[in-house]
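Engineer: The structure that follows is given in the form of structure tokens.
Where a number appears in this text, it was derived from the coordinates with a stated rule and is not lab data. Source: prediction; values computed, not measured. Please note: Cβ atoms are built from the backbone with ideal geometry, for glycine as well, and neighbour counts cover all protein chains shown.
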Amino acid sequence: MLLRGFRVMLAVLALGTVAACGGESDRPVVVAVVGDSATPFATGPRLPVAAQLLRSATAEGLVSFDEQGRVIPALADRWIVTDDGLSYIFRLRDGTWNDGSEITGESARESLQRAIGAVRGTPLGLDLAVITDVRAMAGRVIEIRLSQQVPDMLQLLAQPELGLLRRNRGAGPMILTRDKDSALLRPIPPEDRGLPAEEGWADRSRRLRLDAMPAQTAITLFNKGKVDVVLGGRFEDFPRIDASGVSRGALRLDPVAGLFGLVVVHADGFLALPENREAIAMAIDRDAVGAALGVGGWTATTRIVNPGLAGDNGTVAERWPGRTADERRALAASRVQKWKAGGKGAVTLRLAMPSGPGADQLYARLAADLKAIGIAPQRVRADADADLRLLDTVARYPRADWFLNQFACSSARGLCSAAADRLAGDARDEPDAAKRADLYAQAEAQLIIANGYIPLGVPIRWSLVSGDTTGFAVNAWNIHPLLPLALRPK
């Protein structure tokens, strides 16, 4: 990993030298994404950040996101939603696929069905399970029919994994040239995408280079002025920002919702009993976790669904009301002691976490809490076999069903609840919004009873943005498309 990072650094520094010879106006926008160098070209139903960015840039869906996380037209230039909310009808723009064939309702339908099929069995596949039919209508019209109203359907259709492909290639809005593990991208002129020509397009559009690299490499290159934007920052690398002397004016924190906590991987031994799993959840001092993470305003929670989101009817509250941290810890310690007194011996738990200084600080905090109740923690690699694994993922839309779908038994994240799955399934089939919210609350309650997930709070997502960069905005979805970064303001 370090060697790859060094090679990327040399490549980007060389790019800067070439650009200096040709003039700053010839220099592409350089975007670094935190991750392994090969991740921009990763494939599969669950794409890493760099691959999501590249997919969105080269294979837009019916709709896409702008830099503020708002849904905007893409292959579809307009749409209507029927009064009952069960049918979305899209009018496709006049254009061609990358292979030169015409974009039609039929070809878009085939591509969309393949994209939906590719994520079947994942949490996103569950999100899309409300789609009952995709129909091609006259000419360039496509209809999507739903089993129930989904206020966030457009947001789902804009996800990178639903970027439409024709013979494994998308229709833009950018064209890709691959240089080893680097992605070189150029905006496609509007008239070549079936859109009205824009005056001054040649002066507005810029080339863009996308590389994935270790966080420290990205931060170093950013400080040298060789990288314009760093994306994909997470909690484990957050302390590197201050340690590297990055200007706080360059830091951007997205106000995201999502899951940040420990998943029970193996429900055996001490973890076989739900009350023992609850003991771990009770022992954790979440305020101290927030201090260890070092991010001001971080939101801690003991709930699975982030509180206050749409679809949350308020019937599920934060856990253990009225009990102090010391009282919770004393009860947790008594359960550990009871287990040991039964002749089961010492309790050792393996915690799988990423590397990085932020992860070091989080592990130290969690280890102290576990030791305080008589548990011996052991840290293992993020991809190693473990008893507890850190889950750190951003919500794709702001509703209870997204959170519950993450823990469906089909997602294979770890310990799950068949009862919660049944209730969530009933909720997806329930047309009445109030009853649906109640069913989702009951499903969350079942997951809480199972104690298969130990929430800590919300995820942390950060970016670094140079002062002359345009086309970037913080948003609740941690979505930062590449096309706006490659366009100068009009």
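Engineer: Could you work out the relative contact order of segment 384-460, using alpha carbon pairs under 8 angstrom and six or more residues apart, expressed as a whole percent?
Structural biologist: Worked out over segment 384-460, it gives 27 percent.
Engineer: Here is a follow-up. Determine one quarter of the surface area of the Cα convex hull of segment 60-168, which equals its mean projected area, and express it in nm² to one decimal.
Structural biologist: Convex hull of Cα atoms, orientation-averaged projection: 6.7 nm².
Engineer: Ranking H266, H480 by Cβ neighbours within 10 Å, fewest first, what do you get?
Structural biologist: By the 10 Å Cβ count, ascending: H266, H480.
Engineer: Treat each spin label as a single point 7 Å out from the Cα along the C-beta direction, and report the Q68 to Q378 distance in nm.
Structural biologist: Placing both labels 7 Å along Cα→Cβ, they lie 5.2 nm apart.
Engineer: Hey, another quick one. Helix 433-450 against the longest principal axis of the chain: what's the angle in degrees, Cα atoms only, rounded to the nearest 10?
Structural biologist: Relative to the chain, helix 433-450 is tipped by roughly 50 degrees.
Engineer: Using Cβ counts within 10 Å as a stand-in for footprinting exposure, how do Y363, Y440, Y88 rank, fewest first?
Structural biologist: By the 10 Å Cβ count, ascending: Y363, Y88, Y440.
Engineer: Based on the Kirkwood radius over alpha-carbon pairs, what value in µm²/s does the Stokes-Einstein equation return for the translational diffusion coefficient of the chain at 37 °C and 0.692 mPa s?
Structural biologist: Estimated via Stokes-Einstein, D reaches 136 µm²/s.
Engineer: Quick check on the exposure proxy: order I188, I142 from fewest to most C-beta atoms within 10 angstrom.
Structural biologist: In order of increasing Cβ crowding within 10 Å: I188, I142.
Engineer: Related question: Just going by the charge dipole of segment 60-168, with Lys and Arg at +1 and Asp and Glu at -1 on Cβ, which of G100, I89, V63 is farthest out on the positive end?
Structural biologist: Farthest towards the positive end: G100.
Engineer: Among N306, F260, G356, whose Cα sits farthest toward the positive end of the charge dipole of segment 258-457 (+1 at Cβ of Lys/Arg, -1 at Cβ of Asp/Glu, about the Cα centre)?
Structural biologist: The residue sitting most towards the positive pole is G356.
Engineer: On to the next question. Working out 0.36 nm times the residue gap between A38 and E275, then minus their Cα-Cα distance, what length gain in nm do you get to one decimal?
Structural biologist: Once the chain is fully extended between A38 and E275, it gains 81.1 nm.
Engineer: Measure nothing fancy, just the Cα-based angle from helix 2-22's long axis to the longest principal axis of the chain, in degrees from 0 to 90, nearest 10.
Structural biologist: 30 degrees
Engineer: Out of all DSSP beta bridges with both ends in segment 258-457, state the antiparallel percent to the nearest 5.
Structural biologist: 55 percent
Engineer: Now for a separate question. Over 27 Å, how big is the tail of the calculated P(r) for segment 258-457, in percent of all Cα pairs?
Structural biologist: Considering segment 258-457, 29 percent of its Cα-Cα pairs are separated by more than 27 Å.
Engineer: Also, I was wondering about something else. Using only the alpha-carbon atoms, how far is helix 49-58 inclined from the longest principal axis of the chain? Give it as 0 to 90 degrees, nearest 10.
Structural biologist: It is inclined by approximately 30 degrees.
Engineer: Let me have the relative contact order for the chain, percent, based on Cα pairs under 8 Å that are six or more residues apart.
Structural biologist: This gives 22 percent for the chain.
Engineer: Follow-up. By a straight-distance test (C-alpha under 18 Å), which aspartates and glutamates pair with K180 as possible cross-link partners, with residues fewer than eight away in the same chain excluded?
Structural biologist: D36, D211
Engineer: While we're here: Restricting to bridges with both residues inside the chain, how much of the DSSP beta-bridge set is antiparallel, in percent to the nearest 5?
Structural biologist: 70 percent
Engineer: Here is a follow-up. For the chain, give the magnitude of the charge dipole about the Cα centre (Cβ charges: +1 Lys/Arg, -1 Asp/Glu; no others), in debye to the nearest 20.
Structural biologist: With only Lys, Arg, Asp and Glu charged at Cβ, the dipole is about 1140 debye.
Engineer: Still on this structure: Starting from the Cα of D326, step 7 Å along the direction of its Cβ; do the same at R422; then give the gap between the two resulting points in nm.
Structural biologist: The modelled label-to-label distance comes out at 4.4 nm.
Engineer: If you take every residue apart from G200 with its C-beta less than 15 Å away from the C-beta of G200, what net charge results, scoring Lys and Arg +1 and Asp and Glu -1?
Structural biologist: 0
Engineer: Taking only the alpha carbons of segment 387-490, what extent do you get along each of the three principal axes, in Å, biggest first?
Structural biologist: 53, 39, 21
Engineer: State, to one decimal in nm, how far the label point of L184 lies from the label point of K490, with both points 7 Å from Cα in the Cβ direction.
Structural biologist: With each label placed 7 Å out from Cα toward Cβ, I get 3.0 nm.
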